Amino acid sequence: MKTTTIGAFSVATAVMSITVGYLAKVDQLLLPDEELALEDRLSFAPGGREEYLKVKQGQREAVWDEEKGWYNFGRFTQPPRDASLHWLNPFQEYVQLKEWYWSSFSSGSVLVAVATMQLGYTSHGIMYYYDVATGETDKLDVELKFFGRTLGPTFLQKDGRPSSPVNGSTEFSFGSTNITQAYQAETHMLRAEANGFLVGGRKLSVSFEMDLGTDDTLSFVYPLGRRRPVIVTKGGAFEARATVRVDEKELLTRESGLGMIDWTRSMAARLTTWNWAAFSFVDAATGDRVGVHLSAGVYEDTDGTGLENGVFVNGVLTPLNMRVVFQKPEGELDAGPWHVSAGDSVSFTFTPRDSIHAELHMIVLEGDCYHMWGTMNGTVSVAGKIYQISNQPGVVEEHYALW
């Protein structure tokens, strides 16, 4: 009896070993592009860490160099025109490839935003608005589970190649919801058009455009691995104008306002977490256009230095190569104030007004995202100037994904 038990155990162990080995080979076949350890990522970029921390003027025409077979890793003040990746197999496209585009318009007390998210097995089309003065807010989140890649948003140029922030468009259309974010090369304008029925039953129609022609952005290609890029473009306080209607009645028409963008194409890490904050305002004392993007927990150096943080003043970027601290409220994330700081450069309190909470539970996949909007109060210090943030609308997000 003992011999039989030992023999069965040995057979089971052998079968398990063969199965694990087989699955490992299958995994390498389906997902061949490996992820580097955090300590190896920036050392792999051309020139190493010190060179990567510099933000170079201008842009790289293409992210992927087909002839040399590598990515042009680095940080630049302008987005790439060609943000295509190397060839991905269908499984990589469905599981690893992630794309999203968030853009917003703010003027005085009003914030309006649209977003499209393409995650492969699920996707989202999002719209919301918020008026600080009246407290009025409403939202829309259309989620397409399982059919994200086939029915969800497209990120394409006219010739069918992948788009970039300055080449092509992002389009989402499902039912009565339509969202388009398109770059107009002739005028250097990003134009966003969106309409859909909100949670409250009203129809929201949004049209805004912002001038991307001369202002800096923070655009980078970050190495999760040798062939695992993250392509990001962030920008803030672009000159913009907008028209917003609710139930065909005009909510606002503003010829002067501020635009923001957050565009990403990523061969995402299996575990991806972040906190993110963004807002723009016109300084009351100087009339300067000020935009802020801050994040933590993602695209960082080994010491926690954030690589996608920056302040934009009148179109000029000041990178913030530093750790950003997000202090969360106790209990529900959208229930109390947040405190966010980046060294001596930025410090503010965020008070949530409303949120979109998206969850994903699909056997081996997990996701939890709180996207909140509300008001900011604090200071921004840059280039010897201190700007007061006074009850300005903005967003904060917390994201967790095992994808």
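One line per residue, one yes/no per condition, for (1) at negative phi; (2) in contact (Cβ under 8 Å) with a residue 12 or more places away in the chain; (3) within 18 Å of the chain's Cα centre (by Cα):
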{"site": "275", "(1), (2), (3)": "yes, yes, yes"}
{"site": "292", "(1), (2), (3)": "yes, yes, yes"}
{"site": "297", "(1), (2), (3)": "no, yes, yes"}
{"site": "308", "(1), (2), (3)": "yes, yes, yes"}
{"site": "314", "(1), (2), (3)": "no, yes, no"}
{"site": "319", "(1), (2), (3)": "yes, yes, yes"}
{"site": "330", "(1), (2), (3)": "yes, no, no"}
{"site": "342", "(1), (2), (3)": "yes, yes, no"}
Inset, instruction - Check whether at least one residue in the stretch 357-365 is more than 27 Å from residue 38 (Cα to Cα) and at pLDDT 95 or above, and report yes or no. - result: no
Legend entry - Top-ranked residue of the stretch 327-345 - restricted to ones that are over 21 Å from residue 288 (Cα atoms), hydrophobic (A, V, I, L, M, F, W, C) and at pLDDT 95 or above, ranked as surrounded by the fewest Cβ atoms within 10 Å (Cβ to Cβ): 338
Legend entry - residue 161 vs. criteria open to solvent by 60 Å² or more (accessible area, probe 1.4 Å) and touching a residue at least 40 places away in the same chain (Cβ under 8 Å): yes
Inset, instruction - Output the number of the condition that residue 103 fails; it satisfies all remaining conditions of (1) without any contact (Cβ under 8 Å) to a residue 60 or more places away in the chain; (2) in contact with a strand residue (DSSP E or B) (Cβ under 7 Å, 6 or more places away or on another chain); (3) within 22 Å of residue 369 (Cβ to Cβ). - result: (1)
Inset, instruction - Inspect all residues belonging to the stretch 305-314 and state whether any of them is in contact with a Pro (Cβ under 6 Å, 6 or more places away or on another chain) and under 28 Å from residue 403 (Cβ atoms). - result: yes
Inset, instruction - Please determine, by comparing only the residues of the stretch 37-47 that are more than 14 Å from residue 307 (Cβ to Cβ) and modelled with pLDDT of 90 or more, which one is most open to solvent (accessible area, probe 1.4 Å). - result: 39
Inset, instruction - Please state which one of 291, 235, 306, 310 is under 22 Å from residue 40 (Cβ atoms) and touching a strand residue (DSSP E or B) at 6+ places or on another chain (Cβ under 8 Å). - result: 306
Legend entry - All strands (runs of 3 or more DSSP E) inside the stretch 193-301 with 1 or more residues being hydrophobic (A, V, I, L, M, F, W, C) and surrounded by fewer than 19 Cβ atoms within 10 Å (Cβ to Cβ): 228-246, 249-267, 271-282
Legend entry - Residues within the stretch 99-123 that are open to solvent by less than 20 Å² (accessible area, probe 1.4 Å) and at pLDDT below 95, tallied: 8
Legend entry - Residues satisfying the stated conditions in the stretch 369-386, i.e. within 21 Å of residue 262 (Cβ to Cβ), over 18 Å from the mean Cα position of the chain (by Cα) and of a type in the set (Ser, Thr, Tyr): 375
Legend entry - Filter result for residue 318 (within 25 Å of residue 212 (Cα to Cα) and assigned to a strand (DSSP E or B)): yes
Inset, instruction - Using the structure shown, decide if residue 318 is more than 30 Å from residue 43 (Cα to Cα) and either of a type in the set (Gly, Ala, Ser) or surrounded by 15 or more Cβ atoms within 10 Å (Cβ to Cβ) (or both). - result: no
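Yes/no per residue for (1) buried (at least 18 other Cβ atoms within 10 Å of the Cβ); (2) of a type in the set (A, V, I, L, M, F, W, C); (3) out of contact with any helix residue (DSSP H, G or I) (no Cβ under 9 Å at 6 or more places or on another chain):
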{"position": "325", "(1), (2), (3)": "no, yes, yes"}
{"position": "347", "(1), (2), (3)": "no, no, yes"}
{"position": "363", "(1), (2), (3)": "no, yes, yes"}
{"position": "366", "(1), (2), (3)": "no, no, yes"}
{"position": "371", "(1), (2), (3)": "yes, no, yes"}
{"position": "374", "(1), (2), (3)": "yes, no, yes"}
{"position": "384", "(1), (2), (3)": "no, no, yes"}
{"position": "387", "(1), (2), (3)": "yes, no, yes"}
{"position": "397", "(1), (2), (3)": "yes, no, yes"}
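The values are calculated or read from the model by the stated rules, or taken from the named source; none is laboratory data. Everything numeric in this text was worked out from a predicted model, so none of it was measured. Ideal geometry is used to build each Cβ from the backbone, glycine not excepted, and the neighbour counts take in all protein chains shown. Heads up: the accessible areas ignore ligands, DNA and RNA and are worked out on the full protein's heavy atoms, side chains in. Shrake-Rupley method; radii C 1.70, N 1.55, O 1.52, S 1.80 Å.
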